[in-house]
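The values are calculated or read from the model by the stated rules, or taken from the named source; none is laboratory data. Because the structure is a prediction, the values reported are computed rather than measured. Note: ideal-geometry Cβ built from the backbone for every residue, glycine included; neighbour counts use all protein chains shown. Please note that ligands, DNA and RNA were not included when accessible areas were found on the heavy atoms of the full protein model with its side chains. Shrake-Rupley method; radii C 1.70, N 1.55, O 1.52, S 1.80 Å.
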Amino acid sequence: MTLIIGTLLFGMYRQLINEQELQTIQHLVAEKTRYQQMALTLDRRSFATQIRNADPKTALVAWRSSLDLVGALSLMPDDMPILPDTRDFPILTGGPDKLHILTGGLAITRYGPVLIATRTDQLATLIERFVNAAITALMLTIVLTLALGYLFSKAILRRLVQYNRLSRRIEQGEYSTRLPISWRQDEFDMLAVKFNDVLDTLENNLNAVRGATDNIAHDLRTPLSHLRIGIEQLPTKSADELNEACAILTEELDDCLATFDAMLSLTRIEEGQQALELQSLSLQAMCGDLYEMADAMAELNGQTLSLVTDDDYTVMGDKYLLFQALFNLVDNAIKYSGEGASVKIVQQGRRVQIIDDGPGIPSDATDKVFDRLVRLDPSRHNKGTGLGLSLVKAILQRHNAAITLDDNQPGLLVTITFS
């Protein structure tokens, strides 16, 4: 800002100098023309009279008539240029300001050269005043800029100190801490908003990790305890009982490994580490395969499984993964809808629905069931990894499909919509 103001003041100074010089030259040239015309119309005596009577406020004129110097000046400096060229020269006076600076040049008339000059020391005084005023304004600008810069830097430093203090609290584990947002809505506030969004995501992720850790502890505590007790009891088993005990322990161990395998598979699918073997798939044919595979399971539970298809739709997808996702949904409907329930597979165009008339799930749990290792059975009596719906959602997202859970009154209505 100071540099800009300094540049503007310098430009004004140069403009003032040029304008004053131009006006001085124009004035002297006009006087030159006037005296040249006067010399053409007057005789020598009248011409000398006009020079003697010239107003010194208009111009200072001197003309050498024979040996006498006529006019307001008492001398004619040597080597004066011919107007419009000019030169500065000093003169001495008897007044309080003894030294004056004049600017002038010669006008060539038929009676000889006439010196025409004007005072420019007033211009020098004006320029000096302008320079002094400009310097004062520039110094005030510098002082004001420094003061504002100091206040601005103090305000920034105060906010940075506050952000630094809050960052230390976050480093110490207080993840609920948020950066304050001021009314100014400046760059710091924009940064604080983004940083708070990151903290929200971090806190949610940490809560999800804590929840997953708790769920893993609940899911694995019982089978691992059974494994430990079973291993401790192996030495006391007879030869006939040993094979059966080992088979039970192996089954418990397989349940533990299934949980970890499902978590690794879910991570690979979510992060795109597992490549999709894309091919053209018919939703109608896939729903038919689902019905054939799940019908025996439903019959075994005393349930009724039906299939309704209409308007076939073709999608590009991984046949194994898509079938796994749809089968998990049908398997859940059969497993949790209860004995004697009715389960229906409905395919209409790009939409597939799994409908049952079982107990359903609470409306406030429709989003939570897609989280890892979440089960609505707090006692966890039913076997499972708690990753089925998480895996379903991850697979459908990889295939640009959406899934929603709605109340079937009674039961659950699962809708998958392919794009």
Evaluate E = 1/(1 + (r/R0)^6) for Asp364 and Asp240, where r is the Cβ-Cβ distance and R0 equals 56 Å; express this FRET efficiency to the nearest 0.05. 0.60
Efficiency of FRET between Arg165 and Ile4 - r from beta-carbon atoms, R0 35 angstrom, step 0.05: 0.40
Excluding residues on the same chain fewer than 8 positions from Lys335, give the lysines whose Cα lies under 18 Å from its Cα. Lys344, Lys383
Using the heavy atoms of the protein chains alone and a 1.4 angstrom probe, what is the accessible area of region 131-200 per residue in square angstrom? 74
In whole Å, what are the Cα extents of region 19-92 along the three principal axes, biggest one first? 37, 27, 22
How would Lys194, Lys57, Lys319 line up by accessible area, probe 1.4 Å, largest first? Lys57, Lys194, Lys319
Could you calculate the FRET efficiency of Thr304 with Asn204 from 1/(1 + (r/R0)^6), where r is the beta carbon distance between them and R0 is 56 Å, rounded to 0.05? 0.85
Quick one: if you stick a label point 7 Å off each Cα along the C-beta vector at Gln172 and Glu251, how many nm between them? 5.3
Protein-only accessible surface order, largest first, of Val29, Val114 at 1.4 Å: Val29, Val114
Spacing of the two label points (7 Å from each Cα toward its C-beta) at Ala155 and Trp183, in nm: 1.3
